[in-house]
Structure formats: structure tokens, C-alpha cells
1. Does L112 qualify as being under 21 Å from V497 (Cβ atoms), touching a Ser or Thr at 6+ places or on another chain (Cβ under 8 Å) and not in a loop (DSSP other than H, G, I, E, B)?
2. Do we find a residue being over 38 Å from the mean Cα position of the chain (by Cα), surrounded by fewer than 23 Cβ atoms within 10 Å (Cβ to Cβ) and free of Cβ contacts under 8 Å to residues at least 60 places away in the same chain anywhere in segment 568-581?
3. Residue under question is L337, and the condition is that it be surrounded by 23 or more Cβ atoms within 10 Å (Cβ to Cβ) and either of a type outside the set (D, E, K, R) or more than 26 Å from T364 (Cβ to Cβ) (or both); does it hold?
4. Assess whether N452 counts as being surrounded by fewer than 16 Cβ atoms within 10 Å (Cβ to Cβ) and over 30 Å from A653 (Cβ atoms).
5. Condition check: at pLDDT 95 or above, out of contact with any Ser or Thr (no Cβ under 7 Å at 6 or more places or on another chain) and of a type outside the set (G, A, S). Does K338 satisfy that?
6. Out of all the residues in segment 199-255, which are of a type in the set (S, T, Y) and without any contact (Cβ under 8 Å) to a residue 60 or more places away in the chain?
7. Looking only at residues that are in contact with a His (Cβ under 8 Å, 6 or more places away or on another chain) and either assigned by TED's automatic domain parsing to the domain that holds V270 or within 16 Å of G71 (Cα to Cα) (or both) in segment 420-445, which one is surrounded by the most Cβ atoms within 10 Å (Cβ to Cβ)?
8. Quickly run through segment 582-599 and pick out the residues that are in a strand (DSSP E or B) and buried (at least 17 other Cβ atoms within 10 Å of the Cβ).
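The values are calculated or read from the model by the stated rules, or taken from the named source; none is laboratory data. Predicted, not measured: the structure shown is a model, and the values here were computed from it. Reconstructed Cβ throughout: ideal geometry from the backbone, glycine too, with neighbour counts over all protein chains shown.
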Amino acid sequence: MARILPFLCFLCFIRWICADTITFDSSQGYGRRFDGIGGLSGGGATSKLLISYPEPQRSEILDFLFKPNFGASLQMLKVEIGGDIQSTDGSEASHMRYTWEENYERGYEWWLMEEAKKRNPNIRLYGLPWGFPGWVGEGTGDPYHNGYKTADYIARWINGAKTKHNLTIHFIGIWNENHYDISYIKALRKTLDNYGFNKTKIVAADGKWDNIVNDMKKDKELKKIVHAIGCHYPGTQSTNDAQSLGNPLWSSEDFCQKNTEVGGACWARVLNRNYVHGYMTSTIAWDLIASYYKDLPGWDMGLMTAKEPWNGYYVVSPPIWTSAHTTQFTSVGWDYLKHGSGVGTLPKGGTYVALANPRRDQLTIIMETMTFEHSKCVWDQKTPFKVEPQNVTLVLKDKLANINVMNMWFTELRFDGKNSTYFEQKKPLKFINGAANVFIDLNQIITLTTLNTGNKGSHPPPPQHVAFPLPFSDNYEGYRMHQEPNYLSQQTGSFEVILDGNNGFARQMLTQMPIPWCKDADDMQKAYNIFGDYTWADILVGFDFRIPKVNGSSGVFVGARSTKAGCGSASTSGIFFFALPDRFEIATDVRRNHVVQTGTLSYSSDSWHNISLHVKGTSVTAKFDQKTVYSGTITSGPSAGWAALGTDSYGLADFDNLEINST
């Protein structure tokens, strides 16, 4: 042992003298203000299943997302302002479906914002519409046709958040990934001010940099009105023109990757490099949580996964812990050090950022060495880059030189079959004469901080994975008024529970074409729900229905083996039984372009009837009021898919006593 010790000391000495030096010098001043790391709920009903989770699992999930010094500890929550339109994985309800009504009980974003605020009272809230009710455009399909009317619609949502839910909306956007109108942005600012929301700031335009930046360069009033320039999937880059404006630059939607180790590496790299390369001071992940059915578009792209409310199973995924390396050791209002004296690229690849609190008595440094092949984001830059293991000497100068020790937190993502290490506290790093040596290998994150906070939160393991349980039934009793039905994943249209005395039922509420985001999906003018398991092959689905006389739909349908959802909903195939007022149709697509059989059927409005579809192998049986109206063989349909129900046109329709069973 006596011989080994000198040799080990020699190796340490060699490592020290071979290390590259990075200097953190507060005398050079500070860079931009840190605006926080967040997640996006919506942009397609991505949190749909979360509200249906049982306790205590639901609260545990929310802790991992929002509780400070526990998990992701998110500092911002962005939500969709529902417009009754398909916006990626589903449709979220509008607060003002008609000019004459307002309702702030619909949907689940209010609940989610309240739960986030319970855990973190300082969380910042950001609203953005994907689409709008049809009346907003006054028949033109353009939400900017009457900018003040649309601005009033948005201001009422902010007012409802405050008066009904005690939620302060800090930021508001224009129209997700769509064109904007300068006159509307100015009208929105005036309207917000008239409502007393002068502190609610505008983010524009939730698309790409160039157009909004060019318009802000030419229009000083617009530049003043727009607080932050929000760009989607910038690939860690911003433009010189964007940087020169001086407004905060945000990656207002980013990530979009499966939440495996690759997703964790993508997110770690983006969080650092968005500032190192693009001066972006806030980054928001789509999506907050993968709480929507497996096989929907982008499934498992959330910071974590929770898509089994029937038993409470969830997964705390790698991006939760790569988030924690930044969020647990910074706060909104901290400042980055300047590029070259606290922010930059590591000598052999990877990046580092340093942030200090406003009093300048706390410092956090985050370093990452994610490799190109293991940290790809779906909408990311494609130019390869190299990273190597490296020794780094950290040198603290000016007032920072007074720091003698920093706490260390460590993550290593493994792609060789070995277990990764997530957010592990290591021995503190001591600085001697303002210097300390660090070795950082590939695909690692190291956070050094003077803060004594930080915690890898935990809860008891959740229940084991269980497939959607059959048989399943729902009579819609025990819901609150206007609540969305559990498990029904509305793709187009809008469904909510109505209470009529002691009876509860689900009603399809949409009666007119909205201003869409996924135009093809909403243009089919049908309300379409999917539910259950995409692998279902042999299934029995049935329910009671009623079509009101006033504003009623032209019919309803029940489906099995439904294959498409999201923006591709209009092209779904499957086995569908349509009950129309004067006939029935059996079709292999939801648009009834391929009708297998038609026959006579008659029923009156405002009366309850029963419809069911039984599919087994190639055999199909359709019943109306317990009588068989079709029994035959269909060989042209798909072999498996979700169960489905909906209306043949936009219009009111009531659903009750849903039953599903295997056959």
C-alpha cells in the first residue's frame, strides 16, 4: 500500500497539470436574467388521463413535477387555452363556446394550475391558444378579423383564472405555430390593460424567429409590447437579429423526445445550450407529462409518463432528474454570468453555465457532456458534434474566489446496458486558492452549487403496469357538472358531464365549426372519441344515447378497431356502426366513405336508445335497442385498434351507460 499511494498521488498530479482551465469571473459582469424551466400541458390534451388518477399516486406525480427540491421542480407551467379543437393528441374545451356564455369549470387545466401553485406558490403561468371557437372569427375563420373581440375572449380567460381559481396568469401568447397579426397584438395589450392585467406580459409568436423579429425591428411599439420572443424547437440557436433586440429570448416549446435516457440527454443538453448558443433564458418542454393513451401521436414524450389511471402506475423518467440539475439550484431572477467568464463550451465538447442570485452570494454551475449520437431531440439540429472525457480546472475570480466549497450533484446516462446514475449527491468539491479540478466523462451532468438545498425526492413504488381493465362501464354518476368523462379521449368535439336530477350523462357540446389548428381533423365535422387499448381486436362496445331536438347532431356512432387519432383523425379506419335518424350504416372508416351495409332505422329525438357493436375476428354484429340490425362478415377492416364513439356531425348528443367487454 505504501508503494501504491505515491503512484496514485502522481496520477492525481498528472490529471491536474493536464487539465484545461475554465474561469468564472464576476468582475466581467453578468449576462441575461434567467426566466425559468417549464413544461407544457396541452398542445393536444397531453394531461388528459392525469386528473383521473387515484390518490395517492396523483399527488405523487404532481410532486415529481412541481414540488420544489423534490423532482423536476418546474418553475413555469404553460397550458393550452382550449378551443374545442384537435391540437395534437386531443381536443380541450373552450371557456367561452358561445358569445353569451362563460364557463371556468370545463377541462382540467384549471385544476392542474391550482395543483402546481399549491406545491410552488412562485410558479409562473403561461397561456396559449391553439384554436378558437367559430364565433370569434365572425364567420371568416380568422381570429384576427375582429382583433378586439378575440382579445376580449383571451382576457376573459385570464380574468376567469383570477376570479374563479385565484390564479395569476403571468404570460400570454398569440396563436400556437400559426400566423400572427400586429394589429391584434396591439389590441390584446390594450384589452389586457383595460381589464387591469397590465402585469400580464405578451410572448410572441410561438413559431420561429425571423418574422416576429423583423416586425419588432421595424415597429418600436410592437417591440415594447412583446415582452419575450418565443421560438419553437430552435435547435439551441437564435439569430443575431433576435439577440440584438434585447428582449428576452425563450424556447417556448422544446424537447419533443421519448423520455428514455436519450430523452434525458436531449433535455440536459438543450437546457444548457439554449443559453450557451442562443441566449435563451427560458426553455419549456412539450410535453409536461405523457398522460394520454399509448400509441397516440408522440406518446411517452413527456418529462414523465402516467397513462394508467385505472391502477395508478406511473414512471419517473430521466428528464425529471436532468431538469433537477438546473431547477433545484436556481430561481427565476438569477443572472447568468457572461459568455467567456462563466458561460461557454467545455474544451473537449459539452457546455457549462453559471448563474448567481441577485444578492451575488450564491453560485450554481451546471456542466454537461452529452454526445451527439445519444442526445438527439426530435426537432433538433442535425450537425454532428464531438465530446471527449476531460479534466477541467475551475478557477473562481473576483468575489467568487471567496468560495471554498461547492456541493456536487451528479448524473451519468448509460447507453451500454449498464444502469444510469440519476441526480446523486457526491462529496463536496473543495477550492484551494480559488481553484478545483473536476473530471467529467461522456454523457454526464455535474451541478456545483453553494446552495445547501437539493433533494432526490421519492415516494413508495406505484402499482405495477396493468392493461386497460375489462369489462369496463361508466354511468357518469358521481361526476361534477361540466367535468370531462374519465378515459374518453376526445379527438374532435367536446364532451362534458351534464347532471339532470339524479342522472348524469356525457353530452357532446360543440355545435359549430371552430377555428382549427389541425384543419383536416376538425373539418370532418364529427365529434370523435377514442378509448381503451390500441391492441383491442375482439370487443363489444355499447351505450345509451339521446339526440336533443334543438341543435341536435345528425346521428351517433360506435366503433371498434379504430386506428387513427390526433391530427390524422379524419383518416381513421375501423369498424363503425352509425345510427342515423332514417337509417343505419356499417362502415370501415369514420367518414363513411366505405360503407359495407346500410339499412332502415327510425328513432325520434329526445328519447333514449341503445346501440352496440360486437366484433370478433371477421364477424360483426350491430344492435339497436337490443335488436340485431346487422350480422355479417367484414374482411376489409383493420385487425385491432381503439374503441370509439361520437357524433356524425357537430351538434348536441347525450351518452350514458357506456359498456365495453372482451369477447
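1. Considered against the rule, which asks whether it is under 21 Å from V497 (Cβ atoms), touching a Ser or Thr at 6+ places or on another chain (Cβ under 8 Å) and not in a loop (DSSP other than H, G, I, E, B), L112 comes out as yes.
2. yes
3. Yes, satisfied.
4. Yes, satisfied.
5. In short, yes.
6. T200, S238, T239, S244, S251
7. Per the criteria, the residue is I445.
8. Listed by number, the residues that qualify are F584, E585, I586, A587, T588, D589, V596.
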